[in-house]
Amino acid sequence: MDIAALRSANPDHWKKATAIRALTLDAVAAANSGHSGMPMGMADVATVLYEKHLKFDPANPNWPDRDRFILSAGHGSMLLYSLLHLTGYADMTIEQIRNFRQWGAKTAGHPEYGHATGIETTTGPLGQGISNAVGFAMAEEMLRARFGAKLMDHYTYVIAGDGCLMEGVSQEAIGLAGRHQLSRLIVLWDNNNITIDGTVDLADRTDQVARFRASGWHVIEIDGHDPAAIDAALTEAKTTRQPTMIACKTHIALGHAAQDTSKGHGALTNPDQLTAAKEAYGWPYGPFEIPADVKSAWENIGKRGAATYAAWAKRLSETSPARQAEIERIFNRDMPVKLGARIRALKKQISAEAPKVATRQSSEMVLEVVNPILQETVGGSADLSGSNNTRSGDMTVFDVDNRKGRYIHWGIREHGMAAAMNGMALHGGIRPYGGTFMCFTDYARPAMRLAA
Ligand SMILES: Cc1ncc(C[n+]2csc(CCOP(=O)(O)OP(=O)(O)O)c2C)c(N)n1
């Protein structure tokens, strides 16, 4: 790869992307562990995404109508931590970056939900993030249908690697997204042909482009180091009726001696090679040092969302008080007052009548009371609706032409169902539940473990 040519082609972009690469190299070197190659390879894609497309406001990180960014390739956590630090998330200080992977720091080896703002979900177990993202995108569709595009109108972006796409759960996610035409879901595939053991063909020869197309996705193939191509692909992705996969051809550990090798995947800590990489980048700064012009360019990107947030908050304030209260309630996960009285009445009735019913029937009796009151519940089953009794009488089926539907036919996809439900819950405004038979919950276990 001709680094000098990349530098001179887009000097301003190069400096911003290089800040990510340099912070990654420094943090991994200081920790003496971590994954350098993926953030170095995807820095260009991430820079264009945050600079030109992602709707976010570091000052209001829980804004319900923000775009969601899911780092499915969670081992590349320094990509996310760098972005959060550079764009000005208050809790992602340079001290946190310096303490990458240290006890008590927010900057865990893999991003953990709740440790720092801007981390939308816990990733690390490959395949989970892209599968969570299906739930995030479904939640957005449902809430846009319920509250209107003035209040709910955002995208879910995912960075996924070869490992995410090899994990079986990704097929369940891809199939669901294609079937439901989740056009607000945009996956950026880090197509670098490298995993830990070597090149991808050691273990896989799937034509990923054909695979996504066969599942109903729009696919775009680009050079993942060309900012104009990245920008154009993201723009195109927003015009389609299908979910979009952008295959970003990249070089793992770009500009380092380990570039394009499996050595580049992990911790690049050799001091001479680190110095040589920074020299090639034209980055003469000390460890963790970001020059003021680059930092302020990134901070300006972070401030860009403030006006969009303010406009959204104004639109919210102009809707009816009842609607405002409802949005606040569902995102705060509060219960409607009348639910308690209805549950008490049901308990009283059941204890008086003492009916002999199967557990799935008693579950259904509760759902019949809860669902009409709790409009944020979303039910479903992995093709066992009639056996699990998960659909209450008031629920219609979620589909392309019925985004208000609150019942999902997940198909025979227990793992994908559970992972998507995690995404819905993390999106906020939705309370998902799903059913299958007890023995098949083993198929959903990785996602259930993450939920726990
Ligand atoms: C479920 C699961 N299995 C194994 C791993 C360990 N692991 C972390 S990264 C990785 C290789 C992933 O390759 P790729 O997605 O191509 O990442 P890149 O080499 O491009 O950084 C593996 C096997 C994991 N994180 N999750």
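Residues whose amide H lies under 5 Å from that of residue 245, counting only those 5 or more places away or on a different chain, are 187, 218, 219, 220; hydrogens are built 1.01 Å from N in the peptide plane. Ranked by the mean number of other Cβ atoms within 10 Å of their residues, highest first, the peptides 113-124, 44-55 come out as 44-55, 113-124.
The residues neighbouring residue 425, those whose beta-carbon lies less than 11 Å from its own, together hold a net charge of +1 under the Lys/Arg +1, Asp/Glu -1 convention. Extension gain for residue 442-residue 397 works out to 13.6 nm (0.36 nm per residue, less the C-alpha to C-alpha distance). Quick check: from the Cα gyration tensor, does region 1-94 come out rounded (a/c under 1.5), prolate or oblate? In terms of gyration-tensor shape, oblate. The shape of the chain comes out prolate: with a ≥ b ≥ c from the C-alpha gyration tensor, a/c is at least 1.5 and a/b beats b/c. The distance from the alpha carbon centre of region 277-319 to that of region 8-64 is 11 Å, rounded to a whole number.
Set Lys and Arg Cβ to +1 and Asp and Glu Cβ to -1, take the dipole of the chain about its Cα centre, and tell me which of 212, 361, 125 lies farthest positive. With unit charges placed on the Cβ atoms, the residue in question is 361. Centre-to-centre, using Cα atoms only, region 220-259 and region 187-216 are separated by 14 Å.
Converting phi to 3J(HN,Hα) with the Karplus coefficients 6.51, -1.76 and 1.60 and the offset θ = phi - 60°, region 42-54 yields 9, 4, 5, 4, 5, 4, 5, 4, 6, 6, 10, 10, 5 Hz in sequence order, with x at every glycine or proline. Electrostatic bookkeeping for residue 376 treats Lys and Arg as +1 and Asp and Glu as -1; over the other residues with beta carbon under 11 Å from its beta carbon, the sum is +3. Across region 178-187, coupling constants 3J(HN,Hα) worked out from phi with the 6.51/-1.76/1.60 Karplus curve, θ = phi - 60°, read x, 4, 8, 6, 7, 5, 8, 9, 10, 9 Hz, and Gly and Pro carry x.
Listed values for region 431-446 are Karplus-derived 3J(HN,Hα) couplings in whole Hz (6.51 cos²θ - 1.76 cosθ + 1.60, θ = phi - 60°), namely 10, x, 9, x, x, 7, 7, 3, 5, 7, 5, 4, 5, 9, 4, x, and x replaces Gly and Pro. Counting charges near residue 115 (Lys, Arg +1; Asp, Glu -1) among other residues having Cβ under 15 Å from its Cβ returns a value of -2. Amide H to amide H, which residues 5 or more places from residue 378 or on other chains are under 5 Å from it, using H placed in the peptide plane? Counting only residues 5 or more places away or on other chains, the set is 431, 433.
Placing +1 on the Cβ of every Lys and Arg and -1 on the Cβ of every Asp and Glu, with no other charges, gives region 233-392 a dipole of roughly 820 debye about its Cα centre. Compare the Cα positions of 443, 275, 36 along the charge dipole of the chain (+1 at Cβ of Lys, Arg; -1 at Cβ of Asp, Glu; about the Cα centre) and return the one farthest towards the positive end. Highest projection toward the positive end goes to 443. Here the gap between residue 193 and residue 350, fully extended at 0.36 nm per residue and compared with their Cα-Cα distance, gives a gain of 50.6 nm. Scoring 392-399, 25-32, 311-318, 363-370 by mean Cβ neighbours within 10 Å over their residues and listing the highest first yields 25-32, 363-370, 392-399, 311-318.
When the residues 110, 35 are ordered by accessible surface, computed with a 1.4 Å probe over the protein chains alone, the sequence from largest down reads 110, 35. Bridgeable lysines around residue 356 (alpha carbons under 21 Å apart, same-chain partners fewer than 8 residues away excluded): 347, 348.
Taking amide H positions as modeled 1.01 Å from N, with prolines and chain starts lacking one, no residue 5 or more places away or on another chain lies under 5 Å from residue 118. Subtracting the Cα-Cα distance of residue 337 and residue 228 from their residue separation scaled by 0.36 nm leaves 34.0 nm. A 1.4 Å probe, protein heavy atoms only, puts the accessible area of residue 225 near 10 Å². Whole angstrom only: what separates the Cα centroid of region 122-185 from the Cα centroid of region 378-452? Computed from Cα coordinates, the inter-centre distance equals 14 Å.
The values are calculated or read from the model by the stated rules, or taken from the named source; none is laboratory data. Bear in mind the structure is a predicted one, so any value in this text is a computation, not a measurement. Heads up, the Cβs are rebuilt from the backbone with ideal geometry, glycines too, and the neighbour counts pull from every protein chain shown. To get the accessible areas, we keep the full protein, side chains included, count just its heavy atoms, and leave off ligands, DNA and RNA. Shrake-Rupley method; radii C 1.70, N 1.55, O 1.52, S 1.80 Å.
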